[in-house]
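Please read the structure below before turning to the comments.
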Amino acid sequence: MYYVFIMGPAGSGKSFLAKALNDWLEEHGMDTAIVNLDPAADWIPYNPDIDIRDYITTNEVMKRYNLGPNGALIASIDLSVNYVNELLDEINEEKPNYVIVDTPGQLEVFAFRKAGSIIIDSLSRGSKSVALFLIESQMVLKPTTLLPLFILSLATALSHRKPQILVITKSDILSKEEYIQITKMIENPSDFIISLKSPELNIISEFPFEDIYSFIERVVKSNLENAVMVSAVTGDGLDNLYAGIQRILAGGEDFYTEEPSEIL
Ligand SMILES: Nc1nc2c(ncn2[C@@H]2O[C@H](COP(=O)(O)OP(=O)(O)OP(=O)(O)O)[C@@H](O)[C@H]2O)c(=O)[nH]1
Ligand SMILES: [Mg+2]
C-alpha cells in the first residue's frame, strides 16, 4: 500500500483534490481508499471509505467537554490518536494500492501538533508514503503571500519528514496569462528568485537579515523543484501529479505495475 497525505492551509482544496485524485487513480485501474481525518468536517465532496467521524467528531467533543470551537477542534484531533488502530484495521481490510488521506482543515492544529505526527506515522508505518502540500493558485501570484506559504510548506515537511510535493491548486480559475506565469515559475525558479530583487517588490531588503537572499533562494528552489499545478474541477495536471507521486513512491515505474498491497 502507498499512502498519499494531502495537507495544506484551510480551504486550499484538500478534500476536492482527494476526490479528484482518487477518481483519476480508479479510472487508471488502481484500487484506492479515501480516509477522512477531519473530525470537524460537516460535508466533504466524496464518500470516505474510512472516516474518523465514525469514531469522534468535533461537535460531540464540544458538547461533552463544554469547549469552544477551537478548543474542541484541538481536543478532537488529539483524541483521534486513540482510534488509529481502528482506522488501520479498516484500511488493512480494504488493502488498496493507494490510501489517500484527507487531513483536517486547520493545518497548524494537525501538522504541528504531536497528534498529527503520531497519526501520520502510525498509519503509514511500513508503507511508502508521500505528502502533498497544497497552495491555491491565486496565492502564488503574489510573492509576498507566496514566500510565507513556501516556508509553511517546509515547516510541514520538517514536521512529518516525508517526501513532499508542492501542489498548486485551482488552476482553472487562472487567466491564461496567469497560468503561463506560474508554469514559467515552476520551470525556471531562478527567474522568479531574481524578480524578488526588483526594486518594485523590495522584498529582500525588507527582511532584517543579511543573508536572507540565499535562504529565500533555497526555500523557493526546494518548493518548486517538484511542484505541479492542478485543477480538481477540470482534472488539469492530475497526470503530472500522478507522475510526481510515482517518481517518489515507485521510482517512476509505469502505473500498471502491481504494487505490493500487504504491509511490509
Ligand atoms: N475552481 C476551483 N475550486 C476548487 C477547486 N478545488 C477546490 N475548490 C473549491 O475550494 C473550496 C475549498 O475546497 P476544499 O477541497 O473543501 O478545501 P479544503 O482544503 O479541504 O478545505 P478545509 O478542509 O475546510 O480546510 C470549495 O469551495 C471548492 O469548491 C478547484 O480545483 N477549482
Ligand atoms: Mg477539507
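Read-outs throughout are calculated quantities, based only on the coordinates presented, and are distinct from any laboratory measurement. None of the values given here were measured: they were computed from a predicted structure. Cβ atoms come from the backbone with ideal geometry, glycine included; neighbour counts cover every protein chain shown.
Scanning the stretch 2-32 for residues that are within 13 Å of ligand 2 (Cβ to nearest atom) and among the hydroxyl-bearing types (Ser, Thr, Tyr) gives Ser12, Ser15.
Checked across the stretch 162-177, the condition of being free of Cβ contacts under 8 Å to residues at least 40 places away in the same chain, in a loop (DSSP other than H, G, I, E, B), surrounded by 15 or more Cβ atoms within 10 Å (Cβ to Cβ) and not small (Gly, Ala, Ser) holds for at least one residue. Summed over the stretch 213-242, the residues that are buried (at least 16 other Cβ atoms within 10 Å of the Cβ) and within 16 Å of ligand 2 (Cβ to nearest atom) give a count of 2.
Look at the stretch 217-234: where a residue is in contact (Cβ under 8 Å) with a residue 60 or more places away in the chain and a partner is within 16 Å of ligand 2 (Cβ to nearest atom) and assigned to a helix (DSSP H, G or I), sitting 6+ places away or on another chain with Cβ atoms under 6 Å, you get Ala232/Phe16; Ala232/Leu17; Ala232/Ala20.
Mind listing just one residue for me: the one in the stretch 116-125 that is over 17 Å from Ser153 (Cβ atoms) and crowded, with 21+ Cβ neighbours inside 10 Å and, of those, nearest to ligand 1 (Cβ to nearest atom)?
Ile119
Which count do you get for residues in the stretch 126-161 that are part of a helix (DSSP H, G or I), away from ligand 1 (no atom under 16 Å from the Cβ) and either over 21 Å from Ile193 (Cβ atoms) or under 15 Å from the mean Cα position of the chain (by Cα) (or both)? Of the residues in that region, 8 qualify.
Considered as a group, the residues in the stretch 67-115 that are within 21 Å of Ala33 (Cβ to Cβ) and hydroxyl-bearing (Ser, Thr, Tyr) include one that is surrounded by the fewest Cβ atoms within 10 Å (Cβ to Cβ), and that residue is Tyr83. Residue check: is Pro45 within 16 Å of ligand 2 (Cβ to nearest atom), in contact with a Phe, Trp or Tyr (Cβ under 9 Å, 6 or more places away or on another chain) and more than 21 Å from Ser124 (Cβ to Cβ)? The answer is yes for Pro45.
Being under 23 Å from Tyr46 (Cα atoms) and out of contact with any Phe, Trp or Tyr (no Cβ under 6 Å at 6 or more places or on another chain) is the requirement here; does Leu67 meet it? Criteria not met by Leu67. Scanning the stretch 13-26 for residues that are crowded, with 24+ Cβ neighbours inside 10 Å and either within 20 Å of Leu149 (Cα to Cα) or near ligand 1 (Cβ under 6 Å from one of its atoms) (or both) returns Lys14, Leu17.
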